[in-house]
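Asks: Take a look at this one; I'll ask things after.
We did not get these values from a lab; they are worked out from the coordinates using the rules stated. A quick note: this is a predicted structure, and the numbers were derived from the prediction, not measured. Note that each Cβ is placed from the backbone with ideal geometry, even for glycine, and that neighbours are counted across all protein chains shown.
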Amino acid sequence: MIIYEDSWLYIEKEQSEIPWLKIFTKEPYKELGDVSKELRARLWEIYDIVEFEMKAYYKPQKINMASFGNMLPRVHIHVMARFEDDSYFPNPMWGEKLREAKLNLPDEEEFFKRVAEALKRLQK
């Protein structure tokens, strides 16, 4: 599900028990070094806003950021809110599941609205 899109980037929600967004470049660049400096700066501006809004809204123990590109060989950044009682913590979300989580998180639609509004302000 795409929650934000502009002419350079888009943000997708990852299906997960935790708040998890992925920021993609529209052009399918293979490596970050292939991305123009202007787009790279935009990517990090977007990342900063997503991280800020995620921390403010969900109040996680930690924000995880990842960019692998092994399975999907294109530039994208994972932004994940981590909680001590999520199923994998302190392991990575791709690691061994340690427990069944019973997270009680606020409404994600409100979070998506907050992210979209913050990103619209960036465009002005």
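Asks: Compare Val79, Val35, Val50 in a GNM of the chain, Cα atoms joined below 10 Å, and give the one with the largest fluctuation.
Replies: Val35
Asks: Return one number: the angle in degrees, 0 to 90 and rounded to the nearest 10, between the long axis of the Cα atoms of helix 108-123 and the longest principal axis of the Cα atoms of the chain.
Replies: Approximately 20 degrees, to the nearest ten.
Asks: Give me the distance in nm between label points sitting 7 Å out from Cα along the Cα-to-Cβ direction at Lys97 and Glu31, one decimal.
Replies: Once both label points are built, they end up 3.6 nm from each other.
Asks: Ok, one more. Could you give the dipole magnitude of the range 2-123 about its Cα centre, charging the beta-carbon of Lys and Arg +1 and that of Asp and Glu -1, in debye to the nearest 20? Mind dumping the intermediate values first?
Replies: Values: 19 positive and 23 negative charges, 48 e Å.
Dipole of the range 2-123, to the nearest 20 debye: 220 debye.
Asks: Which value at 222 nm does the chain reach when only helices count, each DSSP H run of 4 or more adding -39,500 (n - 2.57), with the total divided by all residues and rounded to the nearest 500 deg cm²/dmol? Walk me through the numbers before you get to the answer.
Replies: Numbers: 2 runs with 38 residues, N = 124.
So the calculated ellipticity at 222 nm is -10500 deg cm²/dmol.
Asks: Using modelled amide H (1.01 Å from N, peptide plane; none on Pro or chain starts), what sits under 5 Å from the amide H of Ser87, excluding residues fewer than 5 places away?
Replies: Amide H neighbours of Ser87: Ala101.
Asks: When a footprinting reagent is the concern and you count Cβ atoms within 10 Å, what order do Met65, Met1, Met80 take, fewest first?
Replies: On the way: Met65 12, Met1 8, Met80 22.
Final ranking by Cβ density, sparse to dense: Met1, Met65, Met80.
Asks: Which three extents, in angstrom, do the Cα atoms of the chain have along their principal axes, listed largest first?
Replies: That gives 42, 32, 22 Å along the principal axes, largest extent first.
Asks: Another one. For the range 1-79, which chymotrypsin sites (Phe, Trp or Tyr not before Pro) pass both filters: DSSP loop (anything but H, G, I, E, B) and at most 16 other C-beta atoms within 10 Å? Each step should come with its number before you reach the end.
Replies: On the way: sites: Tyr4, Trp8, Tyr10, Trp20, Phe24, Tyr29, Trp44, Tyr47, Phe52, Tyr57, Tyr58, Phe68; in loops: Trp8, Tyr29, Phe68.
Answer in residue order: Trp8, Phe68.
Asks: Loop only per DSSP, at most 13 neighbouring Cβ atoms within 10 Å: give me the GluC sites (Glu not before Pro) in the range 1-61, ordered by residue number.
Replies: Working: sites: Glu5, Glu12, Glu14, Glu17, Glu31, Glu38, Glu45, Glu51, Glu53; in loops: Glu14, Glu17, Glu31.
Qualifying residues, ordered by number: Glu31.
Asks: Could you state the angle between the C-alpha long axis of helix 37-58 and the longest principal axis of the C-alpha atoms of the chain, as a value from 0 to 90 degrees rounded to the nearest 10?
Replies: Taking Cα atoms only, the helix is inclined about 30 degrees.
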